[in-house]
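Novice: Sharing a structure with you now.
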Amino acid sequence: MNSEVNGKRCNSILIVEDEKGIQEILKMALEMEGYQVFTADNGKEGLELLPKMPTPCLILLDLMMPVMNGWEFAEALSKEMTLATIPVVIVTAYGERAESIPSKGVLKKPIDLDALLRIANEWCEQWCNGKRG
Amino acid sequence: MNSIHRERNKDPTKTLGRNFIGKMLPFVFLLVLISVIFSLSRNSIIKSIPIVVLVQLTTIFILGYILRNSYVELNRVETKHKLELERRSDYEKLFNLSSDMICMATFDGHFKQVNSAFERILGYSSKDLLERPFLEFVHPDDYERTKEEFEKLIMGIGSVDFENRYLSKDGTYKVLGWTSSVMKDEGIIFAAARDLTKMKHANEEMRKAYDFVEAILDNVPNMIFVKDAQDLKFLKFNKAGEELLGFKKEDLLGKNDYDFFPKNEADFFTSKDQEVLKGKKVFEIPEETIQTKDKGSRVLRTKKIPVFNADGSPRYLVGISEDITEFKKINEERTRNEFALKRASLINGLIRYSLDGVVGMNVEGVITSWNSQAEKIFGWSEAEALGKDLASLIIPHEYREAHSIGLKKFLLTGIGPILNTRIELVGLRKGEVVFPIELTVIPIPDNHGWLFYAYVRDISDRKIIEQHQKNLLQQEHLAREAAEQSVAMRDDFLSIAAHELKTPLTPISMQLQLLERSLNKVTSTDSFSINKNLLEITKNSKKEVDRLARLIDELLDVSRISAGRLTLHKRKTILNDLIKQVIDRHLNLNVKVVNGIHLDVKEGLTGYWDASRLESVIENLVTNAIKYGEGKPIEIKAWQSGDTVIILVKDQGIGICDEDQKKIFQKFERAVSVKKFSGLGLGLYISRKIVEAHGGVIKLASKVGHGSTFRIELPIERYEETNPDPLSIST
């Protein structure tokens, strides 16, 4: 955590979540841990945001969203060579139909904060180490 | 004849001597002459005998010869005459010796000579017979014929076997059979006659006897036949037999059964006949059916009687057959009638005491039975109904034609679709009231064709009830539809509500977690006590939020199950991990698990299940065990048995009574009172549904005061190896 990659700190996380309340609390919790958090209200915004932000070490992805849902976002993401390897953790209320997305895990709502932070730490470290290595 | 007579009347030795001397004489004479000539010429001794003596001797011989010849001739004539006389006497004897009548007659119609047989047979003297013209003796009925025959004789035509009757002296007539020849030139008729009277009489007697037997045979109404024992050909057939079989005697006699019957029948009859002849006793065939020429098939009762020769060999087979066709028919008819009578009385009883209205009808559609129930149903008394046309009395106008057509059709074809089955129709009651009836019509064969019996029930009341029930059913149906609709609405609402409730719950829960985390970090001693209170409040709030979230989840699950929307998302799941996560979570939550949880889970229990839902099932059972376990140890076991994984969750708590056990897996059921333990009581219902959706079962064994054991039997389904192995993260 907090390690730098190519002069940039390797601690960006992208949250793609339409529910503002969840979006904000996730952001707050992660920022309190020192992550640089970017938020998008739906898949489309997320995709648009990705080139403008530091490459995230983790994407927290909601499934049920307007405009572009989580599945569509994951699909689009997998087609981008540079982005396809970014770890994606799904944040959902029901854990349904999450299997179709090649994710690193599922966080069930209401989200257990400890689990969230553990996952964020785990994947970001792996990602950043991988990049460095 | 002549020579015989001669031989019989002369002396043979005499005749022989005479002939010898006669024949020798010329030779003796010639010898003497030669001797004389010789002596004259040579011999002296002979020369000494004088010539005169020789001449004298010669003369004597010649004279002797002549004398002898005369004697012979005389003797011959005498003998001839004598023979003639003898012959006449023979003829006379023969003539008179004949037992047949022999006569000569002249063309003038008189006997010229008759033999003694005439006198003996007819009783007249020959004188009487010769005096009168013989036609006078002829029976007046035979006169003309006799005259004609006589005239033929005169014309030179002989006659053989001519019969007529001659009056005898005692006034009786004798039957004579004549053979006559004629010597036309001499005008003489020779005739011989034989007295046929006795023979005729005997013949007549025989004929009478025969006629007698024939008359008896022909008047016997039974067929009588006689067969030859050897070839079984018919020798005799009486009139009844002719009439029965339809063949004339002439057609039958000399033939056997094979000439009249089909081979199989003939074989049968012949074998029977042979049996009878072999068995040597009367054989009775109580019933046999034969095909006759004109009378069709007839049933016979036959007795066969073997008749034997003196030596015991079979001679005839006599058959007596009685045609019992009619008798049998009558007998059967009687039996039928008796049966019909019995049946009629039975039917009457059945009709009279039937709880249904019974109406009987004949083929003309006329009412033949009408019981007291029918009186009640239709309002007509038995006296009023009997003999009436059924259709006009109890069938409403619009159905009468169909009734008539149906009846005709049945009588023609035997097809009656409404017969023998329970049908609902309408009937007509006295006063032209149409009302619903239920009936079954039964056709019963009868001497006159058919009788129809209708069992009738007035179903007016039932119809009202049925209508009422129908209305109720309809109402119930509508109510159910409405209820189902409202249930669906409720489920929809529940689903939406749960979803909506859960949405803000996530950030609240997270904020509380964050708050708790933040408070834990604060180390200021001044505010420690405050922080401690805040931390406590936060923890409690978080616990309530978790409970709220769980309740909402349950509600959501139930609404999904109710709407049939419970879908499983199966993937490879390691049961050991699931159980461990559930236990860890409980231990982390610091729940009062005083004596701990004993785990006995076999390694490597893996299946293709919906991990998230299966976890919630185990979670539910463990929560319950803790909740109702009274702090006593909880046991969790899992092992594989064949294609099934078995999970046991056992507590030693308050237990569940039998009655509650039955409904504990139902919706909104909870074994304990609301006061003691909160919750919606949906957990076990959801668990059951989830296990069942996996093809498994969940069972409960419990005893009040001793605890409960929940047992899940879960089929191990094959999972697809190609599926990636996603990381399971529990919350």
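Novice: Take the residues of segment B:125-169 that are farther than 13 Å from B:A191 by Cα and aromatic (F, W, Y): which is surrounded by the fewest Cβ atoms within 10 Å (Cβ to Cβ)?
Specialist: Once the filter is applied, the top-ranked residue is B:Y143.
Novice: Within segment B:91-114, track down each residue that is of a type in the set (D, E, K, R), surrounded by 14 or more Cβ atoms within 10 Å (Cβ to Cβ) and not in a strand (DSSP E or B). It would help to see each step written out before you state the result.
Specialist: Step one: of segment B:91-114, the residues of a type in the set (D, E, K, R) are B:92-93, B:100, B:108, B:112.
If we keep only those that are surrounded by 14 or more Cβ atoms within 10 Å (Cβ to Cβ) as well, we get B:100, B:112.
Listed by number, the list holds a single entry, B:D100.
Novice: Further, regarding this structure: Kindly indicate whether B:V182 is β-branched (V, I, T), surrounded by 12 or more Cβ atoms within 10 Å (Cβ to Cβ) and over 18 Å from B:K112 (Cα atoms).
Specialist: Working: β-branched (V, I, T): yes; surrounded by 12 or more Cβ atoms within 10 Å (Cβ to Cβ): yes; over 18 Å from B:K112 (Cα atoms): no.
Against the criterion (β-branched (V, I, T), surrounded by 12 or more Cβ atoms within 10 Å (Cβ to Cβ) and over 18 Å from B:K112 (Cα atoms)), B:V182 does not qualify.
Novice: Here's something else I'd like to know. Which residues, counting only those in segment B:246-266, are open to solvent by less than 20 Å² (accessible area, probe 1.4 Å) and among the charged types (D, E, K, R)?
Specialist: Answer for segment B:246-266, where residues must be open to solvent by less than 20 Å² (accessible area, probe 1.4 Å) and among the charged types (D, E, K, R): just B:D257.
Novice: Return the residues of segment B:548-567 that are at the interface with another protein chain (Cβ under 10 Å from one of its Cβ atoms) and surrounded by fewer than 16 Cβ atoms within 10 Å (Cβ to Cβ); say none if nothing qualifies.
Specialist: Within segment B:548-567, B:T567 is the sole residue that qualifies.
Novice: Also, quick follow-up: When the residues of segment A:24-45 are filtered to those that are closer than 16 Å to B:Q513 by Cβ and free of Cβ contacts under 8 Å to residues at least 40 places away in the same chain, which remaining residue is surrounded by the most Cβ atoms within 10 Å (Cβ to Cβ)? Working first, answer last.
Specialist: Here is the first cut: in segment A:24-45, the ones closer than 16 Å to B:Q513 by Cβ are A:24-33.
Applying the additional criterion that residues be free of Cβ contacts under 8 Å to residues at least 40 places away in the same chain yields A:24-25, A:27-28, A:31-32.
On the way: A:E24: 16, A:I25: 22, A:K27: 18, A:M28: 15, A:E31: 12, A:M32: 13.
By that ranking, first place goes to A:I25.
Novice: I'm told A:K108 meets every condition in (1) modelled with pLDDT under 90; (2) more than 22 Å from B:S612 (Cα to Cα); (3) not aliphatic (A, V, I, L, M) except one. Can you identify the failing condition by its number?
Specialist: The failed condition is (2).
Novice: Here's another thing I want to ask about it. Can you list residue pairs whose Cβ atoms sit under 9 Å apart, with the first residue in segment B:74-103 being more than 24 Å from B:R120 (Cα to Cα) and of a type outside the set (S, T, N, Q) and the second being open to solvent by 90 Å² or more (accessible area, probe 1.4 Å) and modelled with pLDDT of 90 or more? Count only pairs 6 or more apart in sequence or on different chains.
Specialist: From segment B:74-103, no pairs qualify.
Novice: Across segment B:367-392, what is the number of residues that are open to solvent by 20 Å² or more (accessible area, probe 1.4 Å) and in contact with a helix residue (DSSP H, G or I) (Cβ under 7 Å, 6 or more places away or on another chain)?
Specialist: Of the residues in segment B:367-392, 4 are open to solvent by 20 Å² or more (accessible area, probe 1.4 Å) and in contact with a helix residue (DSSP H, G or I) (Cβ under 7 Å, 6 or more places away or on another chain).
Novice: Then there's this: I need the strands (runs of 3 or more DSSP E) fully contained in segment B:586-670, keeping only those with at least 2 residues that are hydroxyl-bearing (S, T, Y), over 60 Å from the mean Cα position of the chain (by Cα) and modelled with pLDDT of 85 or more. Talk me through it step by step, then tell me what you get.
Specialist: Values: elements: B:597-601, B:606-609, B:634-641, B:644-650.
Passing ranges, in order: B:606-609.
Novice: Enumerate the strands (runs of 3 or more DSSP E) found wholly within segment B:280-365, keeping only those where 1 or more residues are farther than 30 Å from B:W380 by Cα, touching a strand residue (DSSP E or B) at 6+ places or on another chain (Cβ under 6 Å) and free of Cβ contacts under 8 Å to residues at least 60 places away in the same chain. Talk me through it step by step, then tell me what you get.
Specialist: Details: elements: B:283-291, B:297-308, B:314-323, B:357-362.
Answer list for segment B:280-365: B:283-291, B:297-308.
Novice: Pairs under 7 Å by beta carbon, first residue more than 10 Å from every other protein chain (Cβ to nearest Cβ) in segment A:112-127, partner in a helix (DSSP H, G or I) and open to solvent by less than 60 Å² (accessible area, probe 1.4 Å), six or more apart or different chains?
Specialist: A:A120/A:L30
Novice: Those residues that are buried (at least 21 other Cβ atoms within 10 Å of the Cβ) and either among the hydroxyl-bearing types (S, T, Y) or in contact with a Cys (Cβ under 7 Å, 6 or more places away or on another chain) (or both), I need them from segment B:617-652; list them, please.
Specialist: Result: no residue meets the conditions.
Results for (1) acidic (D, E); (2) at pLDDT below 90, shown as yes or no for each residue.
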{"position": "B:G414", "(1), (2)": "no, yes"}
{"position": "B:P417", "(1), (2)": "no, yes"}
{"position": "B:V426", "(1), (2)": "no, no"}
{"position": "B:F435", "(1), (2)": "no, no"}
{"position": "B:D458", "(1), (2)": "yes, no"}
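Novice: Is it fair to say B:A483 is open to solvent by less than 90 Å² (accessible area, probe 1.4 Å), within 25 Å of B:D356 (Cα to Cα) and of a type in the set (G, A, S)?
Specialist: no
Novice: Mind checking which strands (runs of 3 or more DSSP E) fall wholly inside segment B:406-460 and carry at least 1 residues that are open to solvent by 70 Å² or more (accessible area, probe 1.4 Å), within 16 Å of B:S354 (Cβ to Cβ) and among the basic types (K, R)?
Specialist: Correct list: B:422-429, B:449-458.
Novice: While we're on this one: Report, by residue number, each residue of segment B:491-502 that is open to solvent by less than 30 Å² (accessible area, probe 1.4 Å) and facing another protein chain (nearest Cβ under 9 Å).
Specialist: Listed by number, the list holds a single entry, B:K502.
Novice: OK, next. Under 7 Å by Cβ, and 6 or more places apart or on different chains, what pairs join a residue from segment B:431-452 that is on the phi > 0 side of the Ramachandran plot with one that is surrounded by 15 or more Cβ atoms within 10 Å (Cβ to Cβ)?
Specialist: Qualifying pairs under 7 Å: B:G431/B:G379; B:G449/B:V363.
The values are calculated or read from the model by the stated rules, or taken from the named source; none is laboratory data. Since this is a predicted model, take the numbers as computed values, not measurements. Here Cβ is always computed from backbone atoms with ideal geometry, including for glycine, and neighbour counts include all displayed protein chains. Protein only, heavy atoms only, side chains kept; ligands, DNA and RNA dropped before computing areas. Shrake-Rupley method; radii C 1.70, N 1.55, O 1.52, S 1.80 Å.
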